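Asks: The following block contains the structure, expressed as structure tokens.
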Amino acid sequence: MNLRPPKNGKEYICLAIESSCDETSAAVVVNGRKVLSNIISSQIDIHKEYGGVVPEIASRHHLNNINPVIDSALEEAGIGLKDIDFIGVTNRPGLIGALLIGTATAKALAYALKVPLIGVHHIRGHICANYIADTELEPPFTSLIVSGGHSTLADVKGYTDYEIVGQTRDDAAGEAFDKVARVLGLGYPGGPLLDKLAKEGDPEAIHFKRVYLENDSYDFSFSGTKTGVLNYLNGKRQKKEPVNDADVAASFQAAVVEVLVNKSIKLAKERGRDKIVLAGGVAANSCLRKTLEEKCRENGIKLCMPPMILCTDNAAMIGAAAYYEFIKGSNGDGMDLDAYATAAL
Ligand code: KG4
Ligand code: ZN
């Protein structure tokens, strides 16, 4: 790898920007690992009343928030614009209007400051959150990335070298959590609320389908498990039988987590990896964290999980991913950097 030499022993300071969904975030990250600030302005309360993220509303709020969020990130880090060495921005995948706000802002700043601009894949950012959480962590490792839009198993061979081994064929894990939470009347975003309710339930009360697909497949499918919950609830309602919502939440969660954990362990063993790295919003799920921890211990695999604040969308993780692209030695992306709603890892 063609690494940039350190500037007279000085460190590289990245201003990172994230606006792919409903969080406007800016962070100042040194050498990809040290976070000087990570400001997150969440729109959850705004989208709550619609039961999900409304893309047009999200874009408008990003536009209002982005400059104040960047100002706060610089202020909290105690630096000025002139101290920035490069800019990292999420430019793919995500809500296109939302991504464009961050990308256009980053381009304008990079042009004015004459510093390199690095477009970052959002999911790579989620994985790289772990370099901040564990400053000793190095690839290779197996990574399970579970968010509202993705359920992916990747073999991470190097800091910028990723192989997707499995992905969801229908609903992402977070999407399935959110949909089941909605039918249980829990509100939005449903994942954390379902997680909380499940703590009061029995995970073995109801057996929901575990979908493993073909024997050698690392893909996921959660829509059948989700439909199983809907059918169970409809059946109970038709017969006017009482439903224990906490048992439903715990049993559904157990079914999803079992498949995620078993496939992750299987992949790590098959590839001879001694580390599993968990990433994405659903990495905040307490059952997933606990079960993966137990299974990793049983199998002699080290587990890395980011703290909650680095699991959900934030710009610090984008600063970490951008750093490893930056030190590869290229001059980064040009002023023609575009935003993409979908993109391969
Ligand atoms: O990574 P993220 O913040 O945004 C995307 O890139 O999608 O992930 C958001 C997803 C939502 O579906 C949310 O319900 C889910 O992560 N989530 C959880 C938990 N916390 C967030 N799902 C289950 N249990 C949680 N504790
Ligand atoms: Zn995300």
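The values are calculated or read from the model by the stated rules, or taken from the named source; none is laboratory data. From a predicted model like this one, the values you see are computed outputs, not experimental measurements. A quick note on method: Cβ atoms are made from the backbone with ideal geometry, for glycine too, and the neighbour counts reach across all protein chains shown. Ligands, DNA and RNA are stripped out before the accessible areas are found, and what is left, the full protein with its side chains, is counted by its heavy atoms. Shrake-Rupley method; radii C 1.70, N 1.55, O 1.52, S 1.80 Å.
To keep it simple, each residue is scored yes or no on (1) modelled with pLDDT under 95; (2) within 14 Å of ligand 1 (Cβ to nearest atom); (3) open to solvent by 50 Å² or more (accessible area, probe 1.4 Å); (4) outside the structural domain of K269 (by TED's automatic domain parsing).
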site: G190; (1), (2), (3), (4): yes, yes, no, no
site: K226; (1), (2), (3), (4): no, yes, no, no
site: L230; (1), (2), (3), (4): no, no, yes, no
site: N234; (1), (2), (3), (4): no, no, yes, no
site: V243; (1), (2), (3), (4): no, no, no, no
site: A254; (1), (2), (3), (4): no, yes, no, no
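Asks: Oh, and also: Here are some conditions: (1) near ligand 1 (Cβ under 10 Å from one of its atoms); (2) aromatic (F, W, Y); (3) within 16 Å of A344 (Cα to Cα). Y162 meets all but one. Which one does it not meet?
Replies: (1)
Asks: Scan region 41-85 for residues that are outside any helix (DSSP H, G or I) and at pLDDT 95 or above and report the count.
Replies: So the count comes out to 5.
Asks: Moving on to the next point. Can you give me the number of residues within region 132-172 that are within 16 Å of ligand 2 (Cβ to nearest atom), among the hydroxyl-bearing types (S, T, Y) and crowded, with 23+ Cβ neighbours inside 10 Å?
Replies: Matching residues across region 132-172 total 4.
Asks: Determine whether region 303-323 contains at least one residue that is open to solvent by less than 30 Å² (accessible area, probe 1.4 Å) and free of Cβ contacts under 8 Å to residues at least 40 places away in the same chain.
Replies: no
Asks: Sort out which residues of region 120-131 are open to solvent by 10 Å² or more (accessible area, probe 1.4 Å) and more than 11 Å from ligand 1 (Cβ to nearest atom), and write them in order of number.
Replies: Selection gives R124 alone.
Asks: Sticking with this structure for a sec: Assess whether S264 counts as being part of a helix (DSSP H, G or I), polar (S, T, N, Q) and touching a residue at least 60 places away in the same chain (Cβ under 8 Å).
Replies: yes
Asks: Can you name every residue in region 56-80 that is loosely packed, with under 14 Cβ neighbours inside 10 Å, in contact (Cβ under 8 Å) with a residue 40 or more places away in the chain and touching a helix residue (DSSP H, G or I) at 6+ places or on another chain (Cβ under 8 Å)?
Replies: If the condition is that a residue be loosely packed, with under 14 Cβ neighbours inside 10 Å, in contact (Cβ under 8 Å) with a residue 40 or more places away in the chain and touching a helix residue (DSSP H, G or I) at 6+ places or on another chain (Cβ under 8 Å), then E56 is the only one that fits.
Asks: Now for a separate question. Being outside any loop (DSSP other than H, G, I, E, B), buried (at least 22 other Cβ atoms within 10 Å of the Cβ) and outside the structural domain of L278 (by TED's automatic domain parsing): is that true of G88 here?
Replies: yes
Asks: While we're looking at this one, here's another question. What's the total number of residues in region 132-152 that are within 16 Å of ligand 1 (Cβ to nearest atom) and farther than 12 Å from M317 by Cα?
Replies: Count: 10.
Asks: Can you pull out every residue in region 267-284 that is in contact (Cβ under 8 Å) with a residue 24 or more places away in the chain and out of contact with any strand residue (DSSP E or B) (no Cβ under 8 Å at 6 or more places or on another chain)?
Replies: K269, A284
Asks: In addition: Can you tell me which residue is farthest from ligand 1 (Cβ to nearest atom) among those in region 32-55 that are polar (S, T, N, Q) and buried (at least 18 other Cβ atoms within 10 Å of the Cβ)?
Replies: By that ranking, first place goes to S37.
Asks: Being without any contact (Cβ under 8 Å) to a residue 60 or more places away in the chain and either of a type in the set (K, R) or out of contact with any helix residue (DSSP H, G or I) (no Cβ under 8 Å at 6 or more places or on another chain) (or both) is the filter here, so list the residues in region 191-206 that pass it.
Replies: K196 - this is the single residue of region 191-206 that is without any contact (Cβ under 8 Å) to a residue 60 or more places away in the chain and either of a type in the set (K, R) or out of contact with any helix residue (DSSP H, G or I) (no Cβ under 8 Å at 6 or more places or on another chain) (or both).
Asks: Have a look at C296, C287 and point out the one that is in contact with a strand residue (DSSP E or B) (Cβ under 6 Å, 6 or more places away or on another chain) and either part of a helix (DSSP H, G or I) or not charged (D, E, K, R) (or both).
Replies: C296
Asks: On to the next question. All but one of (1) open to solvent by 10 Å² or more (accessible area, probe 1.4 Å); (2) touching a strand residue (DSSP E or B) at 6+ places or on another chain (Cβ under 7 Å); (3) within 16 Å of ligand 2 (Cβ to nearest atom); (4) part of a helix (DSSP H, G or I) hold for A343, so report the exception by its number.
Replies: The one condition A343 does not meet is (4).
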